[in-house]
1. Please verify whether segment 67-75 includes one or more residues that are assigned to a loop (DSSP other than H, G, I, E, B), over 27 Å from Gly154 (Cβ atoms) and of a type outside the set (Asp, Glu).
2. Residue check: is Ala33 touching a Leu at 6+ places or on another chain (Cβ under 6 Å), among the hydrophobic types (A, V, I, L, M, F, W, C) and part of a helix (DSSP H, G or I)?
3. Can you tell which of Val156, Val166 is within 16 Å of the ligand (Cβ to nearest atom), under 18 Å from Val98 (Cα atoms) and out of contact with any Gly (no Cβ under 7 Å at 6 or more places or on another chain)?
4. When segment 177-224 is examined, which residues are found to be away from the ligand (no atom under 11 Å from the Cβ), open to solvent by 50 Å² or more (accessible area, probe 1.4 Å) and either basic (Lys, Arg) or more than 24 Å from Ala150 (Cα to Cα) (or both)?
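The values are calculated or read from the model by the stated rules, or taken from the named source; none is laboratory data. All of these numbers come straight from a predicted model, not from anything done at the bench. We place every Cβ from the backbone using ideal geometry, glycine too, and count neighbours over all the protein chains shown. SASA here: full protein model, heavy atoms, side chains in, ligands and nucleic acids out. Shrake-Rupley method; radii C 1.70, N 1.55, O 1.52, S 1.80 Å.
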Amino acid sequence: MARTRRPLIAGNWKMNGLAGDGVALARDVASGARQAGWTDRDLLVCPPATLVAAVVEAVKGSGVLVGGQNCHAKANGAHTGDIAAEMLKDAGATYVIVGHSERRADCGETDAVVRAKAEAAWRAGLLPIVCIGETLAEREAGKTLSVLEAQLKGSVPAGATASTLVVAYEPVWAIGTGKTPTTPEVAAAHAHIRKVLGGLLADADKVRLLYGGSVKGSNAAELLAAGDVDGALVGGASLKADEFLAIAKAA
Ligand code: 13P
C-alpha cells in the first residue's frame, strides 16, 4: 500500500548553536537537501529562538522548514524571557515543538500547559509537534501505554486534525542515552497512539507520528520502518549535517 503520510524528519537543536556554527549547520543541511532533491519528505530544523530568523534566511529556497522549540500560550504580555508563537511565525518559523520532556521536567509543563501552547501555535498559524513519552520508571512499571494515553488526552487540543497536529513519541529514557526501544516496542507505542488519537479526531490515520530518542544515521532505517512511524524527532544527531541528512535519506 502506498504511504499516505508524508515523512517528516525534524531536528531539535535544543540549547545549541551560536550565529557562526548554527548558520553553517543550517546551510549544510540546506545544501544537502538541495542536492538530494527530495520531493517526498519534509525536513525541519528547530534552532534556538535566537537563530530562527538567521536559519530561515540560510535555508531559503532549499525546501527545509524551520521551527521553534517552545512557545508561550499567550500572544504577548508581561512574560519576561518567554517567546510567543506569533514571534516565531514573524521570524519565519512554520512549526513549533511543544511539551518536550525536557520542558515538562525543567519547567514543570503539565498536559494542560502543553495543550494551551498547541492552541497558541494554531492561533499564530504554526503547526505544533506535541511531544509525549514515558520515563524509565513508568516503562518498568508496565505503564507505558497508559501514560501515553493520558498525555495525549491531556495535551492534544479539541478540534485537532491531521493537518494541524504532529505527535512525537519520545521515551524519556531514550533521549540522549544511546538507548532505543526495539522496533516492535516502537510499533506498539505508535499503534496505541494512533488508536487513542482515533477517539480524539476524525482523521487519526493521517496524523504524522514521529519517533524520537537516540535516532542516528545507523539506526534510522530500522526505527523508521516500524509500523505507524512517519518520521523522526532528532536531537544530538541533528547537530551534524551529515548525520541528519543520513536520517532524512533513510525516511
Ligand atoms: P536525542 O536524539 O539526542 O536522543 O534527543 C531526542 C530528542 O529529545 C529530540 O527532541
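1. No, every residue in segment 67-75 fails to be assigned to a loop (DSSP other than H, G, I, E, B), over 27 Å from Gly154 (Cβ atoms) and of a type outside the set (Asp, Glu).
2. Spelling it out, Ala33 is indeed touching a Leu at 6+ places or on another chain (Cβ under 6 Å), among the hydrophobic types (A, V, I, L, M, F, W, C) and part of a helix (DSSP H, G or I).
3. On the way: Val156 fails: within 16 Å of the ligand (Cβ to nearest atom).
From the options Val156, Val166, the qualifying one is Val166.
4. Lys195, Lys206, Ser218, Ala221, Glu222
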